[in-house]
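*Asks:* The following block contains the structure, expressed as structure tokens.
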Amino acid sequence: MKSAISERPADVRQRRRVRNRILVACFFALVGVVVFLESPLMRVRRVEIMGNTDVPASRIRADAAVQPGMSLWQVNASAIAASLKRRESTVDSVQVTTDYMHGQVTLVLRQKRVVGIYQAGHRFYSLLADGTVFRRIADSDGFPHPILSTTKHARVELGQRIGNSFVVQACEQIAKLKDEQLATVSQIVIDQYGTASIYLDDGFQADVPTGELAKRMPDVVTAASYFRKHGYAPGIMDMAGLPPYRYIPYANSAKKGNR
């Protein structure tokens, strides 16, 4: 025999009231979430750029397409990093962090280093640490990096590695040097056999294999200091082999001291 329990009308009305209240609460909670997400509190209020050494912050913001006023939920870290690396040849990596509490997006860049200026006739080009030709520069811009040139013409194409393997080697080697070591170098001339003639600010010249430039640079500084201290006029230091290194006076100068 089937038995049925009949509900009182008051119980049915109570249950409906509870259900309706829950639905209304959920609706207003959803509205509140939407309003909050679209409120100024969830907008980008500040974009911080760090680590950019050769590219202006304004250009980084434009390339990243991150501007104050956009929703924080639209900030896509991987898309920003990909866009910057595609548009800026000096950008090696990008770390993007979003501070939802303060509405700040921070982009920390690691850039490929500009290590030298390649001279081709009367034209000058900045070179990255991997030998890539970054951009053409005017001589009026000044030269904060050593000038590199070759005795044999090298192919130069923006965005591509320079067409001389010894110059590429030199860039890779220069990237390993300390700032104080680079500060003494004014120019490096590389011949067709891979010998790098390093011209120092004090007038001395050191000839070393291009592939050993970073390893030999401390010896270059020490040898130049030794010859100066012992009264030698600026000349050529042949450092292709092992010490003691051979000193050769320039053709138009004479040695002032004795070895």
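*Asks:* With the requirement that a residue be more than 15 Å from ALA196 (Cβ to Cβ) and surrounded by 14 or more Cβ atoms within 10 Å (Cβ to Cβ), what does segment 225-236 give you? Outline the logic, then answer.
*Replies:* Just the residues of segment 225-236 that are more than 15 Å from ALA196 (Cβ to Cβ), to begin with: 225-235.
Result: TYR226, PHE227, ARG228, TYR232, ALA233, PRO234, GLY235.
*Asks:* Please work out which residue is surrounded by the fewest Cβ atoms within 10 Å (Cβ to Cβ), limiting yourself to segment 152-172 and to residues that are over 21 Å from the mean Cα position of the chain (by Cα) and under 19 Å from GLU212 (Cβ atoms).
*Replies:* By that ranking, first place goes to SER165.
*Asks:* Something else about it: I'd like the full set of residues that are of a type in the set (Ser, Thr, Tyr) and either touching a residue at least 60 places away in the same chain (Cβ under 8 Å) or within 30 Å of VAL133 (Cα to Cα) (or both), limited to segment 48-96.
*Replies:* Within segment 48-96, the first condition is being of a type in the set (Ser, Thr, Tyr), and the residues that meet it are 53, 58, 71, 78, 83, 89-90, 93.
Answer for segment 48-96, where residues must be of a type in the set (Ser, Thr, Tyr) and either touching a residue at least 60 places away in the same chain (Cβ under 8 Å) or within 30 Å of VAL133 (Cα to Cα) (or both): THR53, SER58, SER78, SER83, SER89, THR90, SER93.
*Asks:* How many residues are part of a strand (DSSP E or B) and either among the charged types (D, E, K, R) or touching a residue at least 24 places away in the same chain (Cβ under 8 Å) (or both) if we restrict to segment 97-125? Spell out the reasoning first.
*Replies:* Just the residues of segment 97-125 that are part of a strand (DSSP E or B), to begin with: 97-99, 104-111, 114-120, 123-125.
Going one step further and asking which of them are either among the charged types (D, E, K, R) or touching a residue at least 24 places away in the same chain (Cβ under 8 Å) (or both), we end up with 98-99, 104-111, 114-120, 123, 125.
Number satisfying all stated conditions: 19.
*Asks:* Then there's this: Working carefully through the options VAL75, VAL115, VAL66, VAL105, find the one that is within 15 Å of the chain's Cα centre (by Cα) and crowded, with 18+ Cβ neighbours inside 10 Å. Walk me through it before giving the result.
*Replies:* Numbers: VAL75 fails: within 15 Å of the chain's Cα centre (by Cα); VAL66 fails: within 15 Å of the chain's Cα centre (by Cα); VAL105 fails: within 15 Å of the chain's Cα centre (by Cα).
So the residue among VAL75, VAL115, VAL66, VAL105 that is within 15 Å of the chain's Cα centre (by Cα) and crowded, with 18+ Cβ neighbours inside 10 Å is VAL115.
*Asks:* Moving on to the next point. Only one of MET50, MET42 is at pLDDT 75 or above and surrounded by 10 or more Cβ atoms within 10 Å (Cβ to Cβ). Can you tell me which?
*Replies:* On the way: MET42 fails: at pLDDT 75 or above.
Just one listed residue meets the conditions, MET50.
*Asks:* Hey, among ILE174, ILE162, ILE147, ILE188, which residue is among the β-branched types (Val, Ile, Thr) and closer than 19 Å to ASP238 by Cα?
*Replies:* Sole residue among the options that is among the β-branched types (Val, Ile, Thr) and closer than 19 Å to ASP238 by Cα: ILE188.
*Asks:* Turning to a different aspect of this structure: Would you pick out the residues in segment 119-151 that are more than 14 Å from THR90 (Cα to Cα), of a type in the set (Gly, Ala, Ser) and surrounded by 13 or more Cβ atoms within 10 Å (Cβ to Cβ)?
*Replies:* Hits for segment 119-151 are ALA120, SER149.
*Asks:* Among ALA196, ALA175, ALA183, which is within 22 Å of VAL115 (Cα to Cα), buried (at least 19 other Cβ atoms within 10 Å of the Cβ) and of a type in the set (Gly, Ala, Ser)? Spell out the reasoning first.
*Replies:* Details: ALA175 fails: buried (at least 19 other Cβ atoms within 10 Å of the Cβ); ALA183 fails: buried (at least 19 other Cβ atoms within 10 Å of the Cβ).
From the options ALA196, ALA175, ALA183, the qualifying one is ALA196.
The values are calculated or read from the model by the stated rules, or taken from the named source; none is laboratory data. None of the values given here were measured: they were computed from a predicted structure. Positions of Cβ are backbone-derived with ideal geometry, glycine not excepted, and every protein chain shown enters the neighbour counts.
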